[in-house]
1. Tell me which residues, restricted to segment 6-47, are within 17 Å of the chain's Cα centre (by Cα), in a loop (DSSP other than H, G, I, E, B) and among the polar types (S, T, N, Q).
2. Which pairs do you get when a residue that is on the phi > 0 side of the Ramachandran plot and in a loop (DSSP other than H, G, I, E, B), found in segment 63-83, comes within reach of a residue that is surrounded by fewer than 19 Cβ atoms within 10 Å (Cβ to Cβ) and not charged (D, E, K, R), reach meaning Cβ atoms under 8 angstrom, with the pair 6+ apart or on two chains?
3. How many of the residues making up segment 129-147 are surrounded by 12 or more Cβ atoms within 10 Å (Cβ to Cβ) and either more than 21 Å from GLU80 (Cβ to Cβ) or modelled with pLDDT under 95 (or both)?
4. Of the conditions (1) among the aliphatic types (A, V, I, L, M); (2) within 18 Å of PHE134 (Cα to Cα); (3) out of contact with any Phe, Trp or Tyr (no Cβ under 7 Å at 6 or more places or on another chain), ALA78 clears all except one; give me its number.
5. Out of the residues in segment 59-102 that are at pLDDT 95 or above and of a type in the set (Val, Ile, Thr), which is surrounded by the fewest Cβ atoms within 10 Å (Cβ to Cβ)?
Amino acid sequence: MAFISERIAEADREQLHSLQLKDPFTNQPLQPRRWTIDRERNAILVGLGGQGIYGGETPLLYVLVWNHHFIYLDTFKAGEGNLSTGIEMFWKVTKIEAPGELHRNHEELVDVIREALDAEGYAGRRDCVTKVNFEYIAEPVFIIGEV
């Protein structure tokens, strides 16, 4: 199985709430409508808010919950093209904060991040994306203790 971007079904709401995700700007419980999930690998990518406009200063924030580990991402993205002819996506991942115990899985972690962001597609649609480019991916910073 692979990552898919989907509307969060009512049956999955309990799983989402168990993660206790908070809006990083208001510290209120997060109530997302969509996620990008790989059920087989126990990995969920959820947007936390922000802007993420290429050339801007405020990133689009994500959390990747992978095997019960919380990995925080600062990203910027852009798309070129249109829905009828296809969209080429461009990503910059400017910050990755992960728990220290994932250090030994460094390469796999970066691969999972790439796959999850690729599956994000454009406006929640992967079918219109013709190509995904990662122009920059920061080296993960591994934090000892809680992230």
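1. Passing the criteria: GLN20, GLN31, ASN42.
2. Close Cβ pairs (under 8 Å, with a partner that is surrounded by fewer than 19 Cβ atoms within 10 Å (Cβ to Cβ) and not charged (D, E, K, R)) amount to ASN67/ASN42; HIS68/ASN42.
3. Within segment 129-147, residues that are surrounded by 12 or more Cβ atoms within 10 Å (Cβ to Cβ) and either more than 21 Å from GLU80 (Cβ to Cβ) or modelled with pLDDT under 95 (or both) number 6.
4. Evaluating ALA78 over (1) among the aliphatic types (A, V, I, L, M); (2) within 18 Å of PHE134 (Cα to Cα); (3) out of contact with any Phe, Trp or Tyr (no Cβ under 7 Å at 6 or more places or on another chain) leaves (3) as the failure.
5. The qualifying residue surrounded by the fewest Cβ atoms within 10 Å (Cβ to Cβ) is THR94.
The values are calculated or read from the model by the stated rules, or taken from the named source; none is laboratory data. Predicted model only: the values in this text are computed from it and were never measured. With ideal geometry, Cβ positions are generated from the backbone for all residues, glycine too; neighbour counts draw on all protein chains shown.
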